[in-house]
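Enquirer: Okay, handing you the structure first.
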Amino acid sequence: MKVPFLDFAPMHDPIRGELDTAATRVVHSDYYIRGAECEAFEKAYAEYIGTKYCVGVGNGLDAIQLILRAMDIGAGDEVIVPSNTYIATALAASYVGAMPVFVEPNLDTAEIDPTKIEEKITPRTKAICVVHLQGRPCDMDPIREIAEKHHLHLLEDCAQAHGATYKGKRIGSLSEAAAFSFYPGKNLGALGDGGGVTTNDKALADKVRYIANYGSDVKYHHIYKGFNSRLDEMQAAFLSVKLPHLDAWNADRVKIAEKYRSLITADEVAQPLPPDADFGPVYHVYGIRVLNGKRDELAAYLAEREIGTIMHYPTPMHLQEAYADLRIPKGALPLAEEFSATELSIPMFPGMIDEQIGYVADAINGFFS
């Protein structure tokens, strides 16, 4: 049996007619940037997240960067980010001239450890950017308390957690502003690049919108040195078609995770935590950790059996050549390094059938037997 890491067909096949209709509608509208489609999606997504405003932008990286710029964070400032996330979160800080400061995760949750944040705060710290990694919400209450205590901005990188909940509220509504990616592989993905910013702050929403549109509040009037980062009409139309299905797709991910949790029995494998009363994950990926040093061997073993996997992420940010200027030596962030050396994401997508889930689990158990 062949089990791809990700398969769009179970999601897209039932709604292909709607997607085709949306595409045709945009083509015949003769309006392709920031028109009725984008406005409709922004309104619907803000309502879904539980915020007053959503601003569609070009991609998830831009969404984070635009929030930081709207918060007037720049050269000489520091932004606290998780040490074990995708590089985009750190790049956004770098792009505005700030320095990313890495805080280690709790390996059981994969999320930034709130107990390790305060020790990294300096007089130059201006913001904390949490990442709801792999679809599990961060523990936001203690992080919010730290931000308020030290008068820091708090923002969320929600690129991997569309629809996840923390204490009954959707992520993306738990801070001053939140960034979303609508890259095709996300829980809510466009059919190309796209991103969004959610917030309850009208002034911040307006500023993000203006900076993303060449710094312009009205045509040919520029109040900021802005950028070109706008969610186009075609992607907005596709997202509007897919949004009503997001909760059902996420519920399917949760069921798949439950099946993996019961079927994968190898002691050498640590699995993601289950949902509870406070944390409602949506399993953007199902990232196991291989605890006996044989992660790469397991990946090769699964590949031989036509099971797709991805390592998220094989080299931590502080050891990437791009951040050699920070001069952070190997061993300085041991938990990020352990996460990078042990994590393996196995197939996870809405529409997986029991035979596929069982085949993957049996292969993992078989490797360790």
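Enquirer: Which of the residues that make up the stretch 7-36 are open to solvent by 60 Å² or more (accessible area, probe 1.4 Å), farther than 30 Å from Arg209 by Cα and not charged (D, E, K, R)?
Expert: Phe8, Pro14, listed by residue number.
Enquirer: Of all residues being in contact (Cβ under 8 Å) with a residue 24 or more places away in the chain and more than 18 Å from Phe180 (Cβ to Cβ) in the stretch 91-105, which is most open to solvent (accessible area, probe 1.4 Å)? Just the residue, please.
Expert: First pass over the stretch 91-105, keeping only residues in contact (Cβ under 8 Å) with a residue 24 or more places away in the chain: 91-93, 95-96, 98-102, 104-105.
Add one more test, that the residue is more than 18 Å from Phe180 (Cβ to Cβ), and what stays is 96, 98-102, 104-105.
On the way: Val96: 15, Ala98: 12, Met99: 89, Pro100: 7, Val101: 22, Phe102: 9, Glu104: 19, Pro105: 1 Å².
Here the answer is Met99.
Rundown of residues vs (1) charged (D, E, K, R); (2) touching a strand residue (DSSP E or B) at 6+ places or on another chain (Cβ under 6 Å); (3) at positive phi, yes/no style:
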{"residue": "Val27", "(1), (2), (3)": "no, no, no"}
{"residue": "Asp30", "(1), (2), (3)": "yes, no, yes"}
{"residue": "Arg34", "(1), (2), (3)": "yes, no, yes"}
{"residue": "Phe41", "(1), (2), (3)": "no, no, no"}
{"residue": "Cys54", "(1), (2), (3)": "no, yes, no"}
{"residue": "Ala75", "(1), (2), (3)": "no, no, no"}
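Enquirer: Something else about it: Would you check if there is a residue in the stretch 297-320 being modelled with pLDDT of 95 or more, over 25 Å from Arg253 (Cβ atoms), open to solvent by 20 Å² or more (accessible area, probe 1.4 Å) and touching a strand residue (DSSP E or B) at 6+ places or on another chain (Cβ under 9 Å)?
Expert: Going through the stretch 297-320, the residues modelled with pLDDT of 95 or more turn out to be 297-320.
Next, from what is left, pick out any that are over 25 Å from Arg253 (Cβ atoms): 297, 300, 304, 315-320.
Then keep just the ones that are open to solvent by 20 Å² or more (accessible area, probe 1.4 Å); that gives 297, 300, 304, 315, 319-320.
After this cut, where a residue has to be touching a strand residue (DSSP E or B) at 6+ places or on another chain (Cβ under 9 Å) as well, the list is 297.
Looking for residues that are modelled with pLDDT of 95 or more, over 25 Å from Arg253 (Cβ atoms), open to solvent by 20 Å² or more (accessible area, probe 1.4 Å) and touching a strand residue (DSSP E or B) at 6+ places or on another chain (Cβ under 9 Å), one finds at least one in the stretch 297-320, hence yes.
Enquirer: On the given criteria, is Val282 under 29 Å from Lys167 (Cα atoms) and touching a helix residue (DSSP H, G or I) at 6+ places or on another chain (Cβ under 8 Å)? Please lay out each step first, then the result.
Expert: Numbers: under 29 Å from Lys167 (Cα atoms): yes; touching a helix residue (DSSP H, G or I) at 6+ places or on another chain (Cβ under 8 Å): yes.
So Val282 fits the description; yes.
Enquirer: Given the condition within 19 Å of Asp62 (Cα to Cα) and open to solvent by 10 Å² or more (accessible area, probe 1.4 Å), answer yes or no: does some residue in the stretch 136-150 qualify? First the steps, then the outcome.
Expert: Taking the stretch 136-150 first, the residues within 19 Å of Asp62 (Cα to Cα) are none.
Within the stretch 136-150, not a single residue is within 19 Å of Asp62 (Cα to Cα) and open to solvent by 10 Å² or more (accessible area, probe 1.4 Å).
Enquirer: Okay, moving on. Of these, Ala75, Ala46, which one is of a type in the set (A, V, I, L, M, F, W, C) and either touching a Cys at 6+ places or on another chain (Cβ under 8 Å) or crowded, with 23+ Cβ neighbours inside 10 Å (or both)? Lay out the reasoning, then the answer.
Expert: Values: Ala75 fails: either touching a Cys at 6+ places or on another chain (Cβ under 8 Å) or crowded, with 23+ Cβ neighbours inside 10 Å (or both).
Going through Ala75, Ala46 in turn, the sole match is Ala46.
The rows are residues; the columns are (1) within 30 Å of Gly163 (Cα to Cα); (2) open to solvent by less than 50 Å² (accessible area, probe 1.4 Å).
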{"site": "Arg327", "(1), (2)": "no, no"}
{"site": "Thr342", "(1), (2)": "yes, yes"}
{"site": "Met348", "(1), (2)": "yes, yes"}
{"site": "Phe368", "(1), (2)": "no, yes"}
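Enquirer: Go through (1) open to solvent by less than 60 Å² (accessible area, probe 1.4 Å); (2) in a loop (DSSP other than H, G, I, E, B); (3) not polar (S, T, N, Q) one by one and return the number of the condition Arg289 breaks.
Expert: It fails just one condition, (2).
Enquirer: Further question on the same structure: Of the conditions (1) over 16 Å from the mean Cα position of the chain (by Cα); (2) open to solvent by 10 Å² or more (accessible area, probe 1.4 Å), Tyr86 clears all except one; give me its number.
Expert: So the condition that Tyr86 fails would be (1).
Enquirer: Looking only at helices (runs of 4 or more DSSP H) that lie completely in the stretch 186-282, which have at least 3 residues being open to solvent by 30 Å² or more (accessible area, probe 1.4 Å)? Write out each step before concluding.
Expert: Values: elements: 202-212, 233-242, 246-263.
Output list reads 202-212, 246-263.
Enquirer: Conditions first: (1) out of contact with any Asp or Glu (no Cβ under 7 Å at 6 or more places or on another chain); (2) outside any strand (DSSP E or B). Pro100 passes all but one, so which condition is the exception?
Expert: Of (1) out of contact with any Asp or Glu (no Cβ under 7 Å at 6 or more places or on another chain); (2) outside any strand (DSSP E or B), only one is false for Pro100: (2).
Enquirer: Tell me which of these Lys126 doesn't satisfy, since it passes every other one: (1) assigned to a strand (DSSP E or B); (2) open to solvent by 40 Å² or more (accessible area, probe 1.4 Å); (3) closer than 23 Å to Ala341 by Cα.
Expert: Lys126 satisfies every listed condition except (3).
The values are calculated or read from the model by the stated rules, or taken from the named source; none is laboratory data. What you are looking at is a predicted structure, and each value in this text was computed from that prediction instead of being measured. As a convention, Cβ positions derive from the backbone with ideal geometry for all residues, glycine included, and neighbour counts pool all protein chains shown. Heavy atoms of the whole protein, side chains included, go into the accessibility calculation; ligands, DNA and RNA do not. Shrake-Rupley method; radii C 1.70, N 1.55, O 1.52, S 1.80 Å.
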